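Peer 1: What follows is a single structure, and I will ask about it in a moment.
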Amino acid sequence: MAFTPLDLILTLIVVVLAVVVVVLLQRSNRQTEVSKSELEAARREAQQTLEAARRQAQTALEQAQNQAQALLEAARAEAQSLRQNAQTEIQNLRQNAHVELERLRQQGEERLRQQLREERERLQASLQAEREALMSERASIQAERERLQADLQASRAEREELKRETERLARRGEQLDARAAKLDEQEEKLDALEKTLEARQAELAQRERQIDLKLQEVAGMSREEAQNLLLSRLDAELEEEKALRVKANLERIRLEVKREAQKLLAQAAQRQASETAAALAVSVVPIPSDAMKGRIIGREGRNIRTFEALTGVDLIIDDTPEAVLLSSFNPMRREIARMALEQLVADGRIHPSRIEEVVEKAKNEMKTFIYERGEEAALEAGVVGLKPGLVQLLGRLHFRSSYGQNVLKHSVQVAHLTGIMAAELGLDAALGRRAGLLHDLGKSVDREIEGTHVEIGVTLATRFGEPKEVIDAIAHHHDPENGETLSSVLAAAADAISAARPGARRESLEEYIQRLEQLERIALSFPGVDNAFAVQAGREVRVIVKPDRISDAKATLLAREIAGRIERDMNYPGQVQVTVVRESRAVEYAK
């Protein structure tokens, strides 16, 4: 409850009166002898004081009323001003809100237009891809129709040829009947001659037995003993001659085979050269500035978590200036992540829904990219008529490597080499290129399907209706000795050339040292070997033999035996040359 000035004055008066009364009472208590006149004087004095206090209170009340009226007028004026200012401010806020609402509406319309435009572009790209796939399918159907028509014409021609062959065989049968009659006559004559020969052979056998008996009587030993003695002497005499003849024949055969093989392989290798690409496990994506790293991470890391969950790739953001790293052992996932991240950085809008949209778009673009790589490889290798599914699988080899060698580049190179060797041997070069291109087809999905790449490749080639020669090359390009056609042999040779050429593949130091040690160990296991050295990165073994135990003729046989043991016990690309060195030294000292 608020106190007015009048209440304050009255309270003050009451207090003063109380003080006066207390003072008077105290004085009356202390001075009982005070006269009534003094008490009356004190009463009058108190009354005067009371009157003065009333007048002061009246004056203070009037002043307080005047001040309150003035304050009331000022408050009313200020309230009126505040009301007017509030109305003006409300009007301004209403106008600003209307402008902001209009701006937001325009932004929303623009965003919707952008989304519709992007959706239209995505649909157009999808329709274009489907249209191209349909055109490719139509082309393959047309090619299949033409092939069937060609087969039909070939079968008709073959039917005509069979008809003519039947007529020719009928005429031939008549001629054979006539000849059979003549042969019967000659057979009777031969029977007579055969009886005569049998009689002479019996007579000769009888004479031979008589001569053997006379020889046994003269020599004093049986026929078996004489035969064994003669054979043992012949073996001792012919051992050196046999080794010399084997050495001469081996040298002659080796020179001829080496000359022809070098000619064939040189022609194939010189006409083919391609680069190899080693796919790494990390891709570097440049960004315009380091401030973009914070936008990529997002609030509380939601952007980077969404990106890694959708792509399956680790996004590494470290102190590398103006760059981020993508880490994954799957090159296809890493490439999809790289394409998506580059598009997000270029666009600038990075949030979970946008990341999901861009990653899905990158996956669709990756399918087109893989198909284009497969088409380019087939065109470069000169192979036509591949079905779209095979082309897609072939394109996946672009992201597959073997010992650092890109498998798609390796397949194209093997296709060229196989085609060249097939043409040199007078075989079907187109079929050889096809077998070489598809020999590692199983490696495109060997990380997703159980089995070796050979088994997977045979299954895929059979499913897509590839020729028997191509399937045989896929099945036996690692063991051509079990192949049924020459395509497997040519594919194995081309595969070894492409893999063994310098710089094509990486090899670990441990495997390299183990291979050298195994080569030397095999050579040292033969009797008469003094020492062995593996040189030229394991492509040659030089064997030092003891000259008193191994002759020049036996050195050739030893080299062949060591080479055979290496072929049986080791797996290696290319070939290993075995050189046996026999050295005789005569040492004397002058004293």
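Peer 1: With +1 assigned to the C-beta of every Lys and Arg and -1 to the C-beta of every Asp and Glu, and no other charges, what is the dipole magnitude of region 359-465 about the Cα centre in debye, to the nearest 20? Intermediate values should be presented prior to the final figure.
Peer 2: On the way: 13 positive and 13 negative charges, 39 e Å.
Dipole about the Cα centre, nearest 20: 180 debye.
Peer 1: Would you mind telling me the share, in percent, of accessible area of region 525-575 contributed by carbon and sulfur at probe 1.4 angstrom?
Peer 2: 43 percent
Peer 1: Residue-wise, which Karplus ³J(HN,Hα) couplings in Hz belong to region 538-555, taking 6.51 cos²θ - 1.76 cosθ + 1.60, θ = phi - 60°, and x for glycine or proline?
Peer 2: Calculated HN-Hα couplings, in order: x, 9, 8, 10, 9, 10, 9, 9, 7, x, 7, 10, 10, 7, 5, 5, 6, 4 Hz.
Peer 1: Enter the Cα centre distance for the pair region 439-494 and region 116-135, rounded to the nearest angstrom.
Peer 2: If you average the Cα positions of each part, the centres end up 36 Å apart.
Peer 1: Right, something else. Based on the Cβ-Cβ distance from residue 98 to residue 291, what FRET efficiency comes out when R0 is 41 Å, to the nearest 0.05?
Peer 2: 0.70
Peer 1: If you don't mind, another one. On the protein heavy atoms, probe 1.4 angstrom, tell me the percent of accessible surface of region 110-177 carried by carbon and sulfur.
Peer 2: Accessible surface attributable to carbon and sulfur in region 110-177 totals 53 percent.
Peer 1: Want the number for residue 253 to residue 202: 0.36 nm per residue separation, take away the alpha-carbon distance, what's left?
Peer 2: The span from residue 253 to residue 202 would gain 13.9 nm if fully extended.
Peer 1: Something else about it: Could you provide, to the nearest whole Å², the per residue accessible area of region 101-209 with probe 1.4 Å?
Peer 2: Normalised by residue count, the accessible surface of region 101-209 is 93 Å².
Peer 1: Continuing with this model, one more query. Sort 320-332, 71-83 for me by packing, meaning the mean count of neighbouring Cβ atoms within 10 Å per residue, highest on top.
Peer 2: Peptide ranking by packing, descending: 320-332, 71-83.
Peer 1: In whole percent, how big is the carbon plus sulfur part of the accessible area of region 366-429, probe 1.4 Å, protein atoms only?
Peer 2: Numbers: 1350 of 2440 Å².
Ligands and nucleic acids excluded, carbon and sulfur give 55 percent.
Peer 1: Can you tell me the length gained on complete extension of the stretch residue 164 to residue 191, counting 0.36 nm per residue apart and subtracting the Cα distance?
Peer 2: Numbers: separation 27, 0.36 × 27 = 9.72 nm, distance 3.91 nm.
Working it through step by step, the gained length comes to 5.8 nm.
Peer 1: Nearest 0.05, what FRET efficiency do residue 282 and residue 549 give at R0 = 45 Å with Cβ-Cβ as r?
Peer 2: It comes to 0.20.
Peer 1: Let me ask another. Where does each of 342-354, 127-139, 364-376 land if you order them by average Cβ count within 10 Å, highest first?
Peer 2: So the peptides 342-354, 127-139, 364-376, ranked by packing, come out 364-376, 342-354, 127-139.
Peer 1: What accessible area per residue, rounded to a whole number of Å², is obtained for region 307-360 using a probe radius of 1.4 Å?
Peer 2: For region 307-360, the per-residue accessible area is 48 Å².
Peer 1: Next up: Whose amide H sits under 5 Å from the amide H of residue 405, counting only residues 5 or more places off or on another chain, with H placed in the peptide plane?
Peer 2: Amide H neighbours of residue 405, under 5 Å, 5+ apart: 506.
Peer 1: Say R0 is 25 Å: what FRET efficiency, to the nearest 0.05, do residue 330 and residue 402 get from their beta-carbon distance?
Peer 2: Calculated value: 0.95.
The values are calculated or read from the model by the stated rules, or taken from the named source; none is laboratory data. As the structure is a computational prediction, the values presented were derived from the model and not from experiment. Positions of Cβ are backbone-derived with ideal geometry, glycine not excepted, and every protein chain shown enters the neighbour counts. Just so you know, the surface numbers come from the protein's heavy atoms only, side chains and all, with ligands and any DNA or RNA stripped out. Shrake-Rupley method; radii C 1.70, N 1.55, O 1.52, S 1.80 Å.
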